[in-house]
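What follows is one structure encoded as structure tokens, with my remarks underneath.
The values are calculated or read from the model by the stated rules, or taken from the named source; none is laboratory data. Worth saying up front: this structure is predicted, and the values here are computed from it rather than measured. Backbone-built Cβ (ideal geometry, glycine too); neighbour counts: all protein chains shown.
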Amino acid sequence: MCTVTVINTAKAGGDVGYRLVENRDEQHDRARSEPPIWRPLETGRAIWPTDPVGGGTWIAAAETGLALAILNRNLEPMPDLPGDLLSRGTIIPTLIGSADVESVVDGVSEMDLARFAPFRLLAVDMAGEDASLPRIVVLEWDLRDLIIETHLDGPVCLASSGLGDSVVEPRVPLFESMVVEPGLRVERQDAFHAHEWADRPEVSVMMRRADARTVSVTTVEYHPGRAEPVVMEYREIE
């Protein structure tokens with residue numbers, strides 16, 4: 001259960017780069033996550049928070065400019081799943097050392113996807129022919145097929161819910177009306193990720209319901225022209 005957005009920061013009035021924000025929604029009884037730390041890779045370093053239950057993560061960013069975010073894919077109706085599936089949270093640590101989004105696609109394609117419940121994986125980098133534009137790839141595993149969508153520049157909004165992904169589809173037109181139509185701005189992206197419908201808290205981006213709520217908001221900014229190009233901010237929601 002999550003909401004993820006990506007915007008081109010140059011088109012939002014800032015430096016060349018991108019900004020990825022993910023709200024993480026979880027059950028009330030799930031253990032609190034461990035904050036982000038930098039970790040060594042064969043290709044440099046990457047930063048991510050850790051889910052102590054599965055040992056994996058839902059978001060990560062590498063010094064290379066590659067960022068990954070994963071959401072559960074809640075099929076309707078959801079088929080019975082085997083009990084020996086691997087945690088989807090292990091996918092990102094496996095792939096964050098990839099060189100670029102093409103390598104992520106190759107890596108996912110080579111996985112034994114039958115070992116995972118349905119998911120959507122978002123990958124973004126700035127390694128294309130036009131180095132001023134983010135490249136965004138969404139890989140969707142639905143238990144039968146791996147569906148790959150490529151977006152140049154964005155913006156992109158994805159949402160999921162344990163109640164069924166169709167339940168939270170209103171978040172996407174809300175993103176269009178709050179962030180895209182009035183013109184991209186960082187403060188509008190943040191306002192979207194803090195949005196609550198008073199009469200529909202279970203559908204809201206900042207979600208609340210009897211058994212679950214939004215537990216954290218994680219932001220990744222990548223600006224290749226800066227001395228520290230990758231910054232991750234992690235905020236727990238009390």
**Q.** I148, sole failed condition from (1) farther than 24 Å from P224 by Cα; (2) part of a loop (DSSP other than H, G, I, E, B); (3) touching a residue at least 40 places away in the same chain (Cβ under 8 Å); (4) touching a Leu at 6+ places or on another chain (Cβ under 7 Å)
**A.** (2)
Q.
When the residues of the stretch 98-112 are narrowed to those that are crowded, with 19+ Cβ neighbours inside 10 Å and out of contact with any Lys or Arg (no Cβ under 8 Å at 6 or more places or on another chain), which ends up nearest to E42 (Cα to Cα)?
A. S98
Q) Could you say which residue among N8, N74 is within 22 Å of F192 (Cβ to Cβ), surrounded by fewer than 24 Cβ atoms within 10 Å (Cβ to Cβ) and modelled with pLDDT under 95? A) N74
**Q.** Looking only at the stretch 176-187, and only at residues there that are of a type in the set (A, V, I, L, M) and not in a loop (DSSP other than H, G, I, E, B), the one that is surrounded by the most Cβ atoms within 10 Å (Cβ to Cβ)
**A.** V179
Q.
Filter the stretch 26-40 down to the residues that are modelled with pLDDT of 95 or more and either aliphatic (A, V, I, L, M) or closer than 17 Å to R88 by Cβ (or both) and list them by number.
A. I37
Q: Go through the stretch 188-229 and give me each residue that's surrounded by 18 or more Cβ atoms within 10 Å (Cβ to Cβ), of a type in the set (D, E, K, R) and part of a loop (DSSP other than H, G, I, E, B).
A: none
